[in-house]
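Participant: Next up is a structure, given as structure tokens.
The values are calculated or read from the model by the stated rules, or taken from the named source; none is laboratory data. Bear in mind the structure is a predicted one, so any value in this text is a computation, not a measurement. Note: ideal-geometry Cβ built from the backbone for every residue, glycine included; neighbour counts use all protein chains shown.
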Amino acid sequence: MLSKSKFVQGLQCHKQLWWRVHEPDAPELALGPPVRHRIDQGIEVGTVARGYVPGGELIDLPPYQLDAKVSATREALARAANPIYEAAFRAAETYALVDVLEQRGPGRGFGIIEVKATNRVKEEHVPDVALQVYVARRAGLHVERAEVMHLNPDCRFPDLGNLFVREDVTAQVETRLLDVPGELRGQLEMLDGPLPEVAIGDHCSRPYECPFYARCWRLPAHHVSTLYRIARRQVMSYEAQGYQTLRDLPTDLELGAIHARQVKSVTSGQIVVEPELTNALAEFQSPLAFLDFETVSLAIPAWDGCRPWEMVPAQFSCHVEGRGGLRHHEWIAEGPGDPRPALAERLVEACARARSIVAYYASFERECVRQLARAVPHLASELRAIERKLVDLLPLVRNHVYHPDFGGSFSIKRVLPALVPSLSYDNLEIGDGETASVELLRLMRAAPGEQEAANLRAALLAYCERDSWAMVKLLDRMRRLVGVQLELF
């Protein structure tokens with residue numbers, strides 16, 4: 001049988017659905033910390049949402065007891081329970097669990113409310129709700145309205161009275177219902193056969209990143225799709241003309257500056273450094289600080305002034321130039337309280353003597369500092385001064401340097417090992433920002449004194465320090481590249 005989640009996965013890609021059904025224990029389907037966090041946050045949002053449609057009855061049985069859930073739903077309907085939470089229906093080799101089933105009134109039909117832990121209705125929510133309506137109607141229920149109940153981005157803690165927004169999606173669902181029977185038949189027939197052939201494309205990452213991405217995207221090194229931020233339609237155009245890799249592109253092809261630098265680097269097999277890098281480095285005036293934040297994000301806000309899913313600074317690492325060399329400052333939240341006041345105090349102290357403050361993708365750090373200024377008004381002037389001092393290392397690299405090992409990306413995870421081979425993230429227990437964010441929240445919720453919490457704290461401190469130290473080494477490398485270029489030019 002198909003669930004609504006499987007149905008939506010099948011809409012994205014038949015091959016992905018086939019693997020999910022036929023290889024349920026595939027290593028790609030193992031739930032890492034970020035995925036588990038999103039699931040946990042979704043469950044929490046669904047539970048809290050019932051309090052905003054109160055007075056109902058919960059079908060409190062696990063999803064794998066489907067027959068029992070369907071029977072319990074039928075009995076709740078017979079008792080005129082209203083609303084019903086987690087109602088279950090099955091029909092046409094498909095089943096659906098409804099977050100909130102609401103009786104519209106005497107002599108009226110029902111409304112289906114799908115709760116989403118997002119700040120808006122998304123296009124991919126409509127087929128999800130459409131399948132629920134389809135199955136419920138096939139099971140004999142008169143459904144006349146469909147809604148998505150999502151988090152309100154205008155809500156601010158501590159006033160959670162407007163935490164949710166209910167949006168009517170009936171018209172979109174009715175339109176989509178026309179395609180549901182055919183889609184279901186197609187998916188069920190496909191699952192009865194061998195692994196289907198599906199070409200790679202935008203659907204591999206939209207609306208969700210496919211867990212089996214690496215199985216399908218086996219492309220030659222420096223494929224044309226690795227051109228920095230290239231549109232899929234342009235990739236298809238190059239492929240149609242017989243160009244598979246960057247080395248195949250004609251030398252007279254008109255390219256933008258970044259693409260031209262990338263192609264030149266790949267075809268020559270050497271790093272390309274533009275002479276204008278010398279002037280661009282003038283922005284990085286000593287004494288410098290090198291700053292990196294880590295944030296936590298909650299679907300349901302918990303600290304004053306925060307909105308749903310707002311990224312709240314809860315850790316920083318800062319290397320600061322001084323007379324005796326570089327000094328390292330760091331701070332990490334522990335405990336469930338608001339981390340911003342203490343973090344802001346330490347940040348102001350760390351950056352007090354810096355003339356410029358270096359970040360990689362500085363718009364993120366800039367927004368973190370602005371949020372701290374709003375949350376800690378007595379330090380607002382000092383924090384605004386930090387914001388004014390921010391300089392971005394990312395465009396310095398992107399606009400002046402390319403190494404063949406960048407692979408079309410200017411993320412620090414790709415740039416660092418290419419330009420500073422002795423330094424990478426491979427030897428760290430935590431190696432990416434998304435995992436760091438989730439684990440940081442877990443640390444804040446951990447019981448004090450636990451050995452696991454101590455290990456987690458050490459891993460988080462090491463990761464954040466690597467980010468700020470990476471900027472130190474990258475800027476040093478850029479300066480040394482300029483020295484080479486000055487000799488050449």
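Participant: Pick out the one residue from V133, V129, V148 that is buried (at least 21 other Cβ atoms within 10 Å of the Cβ), among the hydrophobic types (A, V, I, L, M, F, W, C) and farther than 25 Å from E93 by Cβ. Before the answer, list the steps.
Facilitator: On the way: V133 fails: farther than 25 Å from E93 by Cβ; V129 fails: farther than 25 Å from E93 by Cβ.
Residue meeting the stated conditions: V148.
Participant: Can you name every residue in region 105-142 that is part of a loop (DSSP other than H, G, I, E, B) and within 25 Å of the chain's Cα centre (by Cα)? It would help to see each step written out before you state the result.
Facilitator: Residues of region 105-142 part of a loop (DSSP other than H, G, I, E, B): 105-109, 117-124, 139-142.
Selection gives A117, T118, N119, R120, V121, K122, E123, E124.
Participant: Take the residues of region 87-116 that are of a type in the set (A, V, I, L, M, F, W, C) and in contact (Cβ under 8 Å) with a residue 60 or more places away in the chain: which is nearest to G55 (Cα to Cα)?
Facilitator: Step one: list which residues in region 87-116 are of a type in the set (A, V, I, L, M, F, W, C), which gives 87-89, 91-92, 96-98, 100-101, 110, 112-113, 115.
The next check asks that each one be in contact (Cβ under 8 Å) with a residue 60 or more places away in the chain; those that pass are 92, 96-97, 113, 115.
Numbers: A92: 31, A96: 22, L97: 19, I113: 15, V115: 17 Å.
The selected residue is I113.
Participant: Could you tell me which numbered condition A362 fails, if it satisfies all but one of (1) over 26 Å from A302 (Cβ atoms); (2) modelled with pLDDT of 95 or more; (3) surrounded by fewer than 18 Cβ atoms within 10 Å (Cβ to Cβ)?
Facilitator: Here A362 clears every test but (3).
Participant: Let me ask something else about it. Kindly check whether there is at least one residue in region 248-267 that is modelled with pLDDT of 95 or more, outside the structural domain of P395 (by TED's automatic domain parsing), among the acidic types (D, E) and part of a helix (DSSP H, G or I).
Facilitator: yes
Participant: Is it the case that region 338-350 has a residue that's surrounded by 21 or more Cβ atoms within 10 Å (Cβ to Cβ), more than 30 Å from N162 (Cα to Cα) and either touching a Pro at 6+ places or on another chain (Cβ under 6 Å) or β-branched (V, I, T) (or both)? Break it down stepwise before answering.
Facilitator: Taking region 338-350 as the starting set, the residues that turn out to be surrounded by 21 or more Cβ atoms within 10 Å (Cβ to Cβ) are 339-340, 343-344, 347, 350.
Going one step further and asking which of them are more than 30 Å from N162 (Cα to Cα), we end up with 347, 350.
Checking the rest, the ones that are also either touching a Pro at 6+ places or on another chain (Cβ under 6 Å) or β-branched (V, I, T) (or both) come to none.
No, every residue in region 338-350 fails to be surrounded by 21 or more Cβ atoms within 10 Å (Cβ to Cβ), more than 30 Å from N162 (Cα to Cα) and either touching a Pro at 6+ places or on another chain (Cβ under 6 Å) or β-branched (V, I, T) (or both).
Participant: Please state which of the following conditions P287 fails to meet, knowing it meets all the rest: (1) surrounded by 15 or more Cβ atoms within 10 Å (Cβ to Cβ); (2) assigned by TED's automatic domain parsing to the domain that holds N399; (3) more than 30 Å from L163 (Cβ to Cβ); (4) touching a residue at least 60 places away in the same chain (Cβ under 8 Å).
Facilitator: (1)
Here's the yes/no breakdown for (1) within 30 Å of Q270 (Cα to Cα); (2) surrounded by 19 or more Cβ atoms within 10 Å (Cβ to Cβ); (3) assigned by TED's automatic domain parsing to the domain that holds P339:
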{"residue": "L383", "(1), (2), (3)": "no, yes, yes"}
{"residue": "L396", "(1), (2), (3)": "yes, yes, yes"}
{"residue": "Y402", "(1), (2), (3)": "yes, yes, yes"}
{"residue": "F406", "(1), (2), (3)": "yes, yes, yes"}
{"residue": "P417", "(1), (2), (3)": "yes, no, yes"}
{"residue": "S422", "(1), (2), (3)": "yes, no, yes"}
{"residue": "N427", "(1), (2), (3)": "yes, no, yes"}
{"residue": "P448", "(1), (2), (3)": "no, no, yes"}
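Participant: With the structure loaded, tell me whether P34 is surrounded by fewer than 20 Cβ atoms within 10 Å (Cβ to Cβ) and either of a type in the set (K, R) or within 29 Å of P211 (Cα to Cα) (or both) or whether it fails that test. Steps first, answer last, please.
Facilitator: On the way: surrounded by fewer than 20 Cβ atoms within 10 Å (Cβ to Cβ): yes; either of a type in the set (K, R) or within 29 Å of P211 (Cα to Cα) (or both): yes.
Yes; evaluated as a whole, the condition is true for this residue.
Participant: Right, something else. Which count do you get for residues in region 75-89 that are outside any helix (DSSP H, G or I) and surrounded by 18 or more Cβ atoms within 10 Å (Cβ to Cβ)? Even if it seems obvious, please write down each step before you answer.
Facilitator: Filtering region 75-89 down to residues outside any helix (DSSP H, G or I) leaves 79-89.
Filter once more, keeping what is surrounded by 18 or more Cβ atoms within 10 Å (Cβ to Cβ): 81, 83-89.
Here the count works out to 8.
Participant: Also, quick follow-up: Pairs under 8 Å by beta carbon, first residue modelled with pLDDT of 95 or more in region 185-199, partner part of a loop (DSSP other than H, G, I, E, B), six or more apart or different chains?
Facilitator: Hits for this filter: L188/E93; M190/P196; V198/C13.
Participant: Output the qualifying pairs, or none if there are none: Cβ atoms under 6 angstrom, residues six or more apart or on different chains, first residue in region 259-279 and without any contact (Cβ under 8 Å) to a residue 40 or more places away in the chain, second residue outside any loop (DSSP other than H, G, I, E, B) and buried (at least 20 other Cβ atoms within 10 Å of the Cβ).
Facilitator: The qualifying pairs are V263/L246.
Participant: Only one of L184, L188 is over 30 Å from Q103 (Cα atoms) and assigned to a helix (DSSP H, G or I); which?
Facilitator: Values: L184 fails: over 30 Å from Q103 (Cα atoms).
Step by step, each of L184, L188 is checked, and only L188 is over 30 Å from Q103 (Cα atoms) and assigned to a helix (DSSP H, G or I).
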